[in-house]
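The structure appears right after this line, and notes come after that.
The values are calculated or read from the model by the stated rules, or taken from the named source; none is laboratory data. Remember, it's a predicted structure, so these values are computed and weren't measured experimentally. Quick reminder, even Gly has a Cβ in these numbers, built from the backbone with ideal geometry, and neighbours come from all protein chains shown. Note: accessible area is taken over every heavy atom of the protein model, side chains too, but ligands, DNA and RNA are not part of it. Shrake-Rupley method; radii C 1.70, N 1.55, O 1.52, S 1.80 Å.
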Amino acid sequence: MAEVNTGGGGGKKGKKRSKKVSTKIDMTPMVDLAFLLITFFMLTTTFNKPKIMEVKMPVKKEDNTKTNYKESETMTLVLGEENKVFYFMGLDNPKVESADFSDQGIRKVLLQKNKSIAEFKVIIKAMDTSKYKNMVDILDEIHITGVKYYAIGKISPKDIELTKTVQGS
């Protein structure tokens, strides 16, 4: 609580001095109020929930029929080490090229192919030496470029051999 001390001014004989008044403020109620407000706001606010990219998985069919798609409309992306992406179109004698994750790298390639091919599809395959960050980055690039159809597949020995031809040159 606030308290007022009225001590004598003390002084010389004959002169009257005004009494000095000192104040002391007790801050306990203000601290209590501050903690009550902090507690109230912590309990009533909702924290931002992390936003995740939704991955729609295909429905498993009863029969083992494969979905047909044109190889000329499909690009295979192989995620390599040191933040490199190897890409090629089709499966018969593909021309393998490499890019990085910059806006002039794989994003430019995906934008060009997505504009020129109506039913453009992407297959993503990751090497054992690639990083998890690369998978997240390529999914972001696919989302940014507006590619509608993509799949994540297992890497084959043929894919590894194809990337070695680009790495060696």
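Per the Debye calculation on segment 65-169 with a single equal scatterer at every Cα and no solvent contribution, log₁₀ I(q)/I(0) for q = 0.13, 0.14, 0.16 Å⁻¹ amounts to -0.42, -0.49, -0.65.
In terms of accessible area, using a 1.4 Å probe and ignoring ligands and nucleic acids, Phe120, Phe35 rank largest first as Phe35, Phe120.
With the whole protein complex present, Glu97 retains an accessible surface near 70 Å², based on a 1.4 Å probe. Taking all protein chains together and a 1.4 Å probe, the residues Thr165, Thr74 rank Thr165, Thr74 from largest to smallest accessible area.
Pairs spanning more than 32 Å between alpha-carbon atoms, out of Lys108/Lys131; Lys51/Lys158; Lys49/Lys95; Lys60/Lys113; Lys113/Lys158; Lys49/Lys164: Lys51/Lys158; Lys49/Lys95; Lys49/Lys164. Taking a straight line from the alpha carbon of Lys70, these aspartates and glutamates sit under 17 Å away, with near neighbours fewer than eight places off in the same chain left out: Asp92, Glu119. Put simply, the amide H of Met75, placed in the peptide plane, has neighbours under 5 Å in Lys121, Val122, Ile123, leaving out anything fewer than 5 places away on its chain.
Going by accessible area, probe 1.4 Å, with all protein chains left in place, what is the ranking of Leu110, Leu37, largest first?
Final ranking, largest accessible area leading: Leu37, Leu110.
Rolling a 1.4 angstrom probe over the protein heavy atoms with all chains in place gives segment 100-163 an accessible area of 62 Å² per residue.
Given a Förster distance of 22 angstrom, what is the FRET efficiency for Met89 paired with Thr129, based on the Cβ-Cβ distance and rounded to 0.05?
0.40
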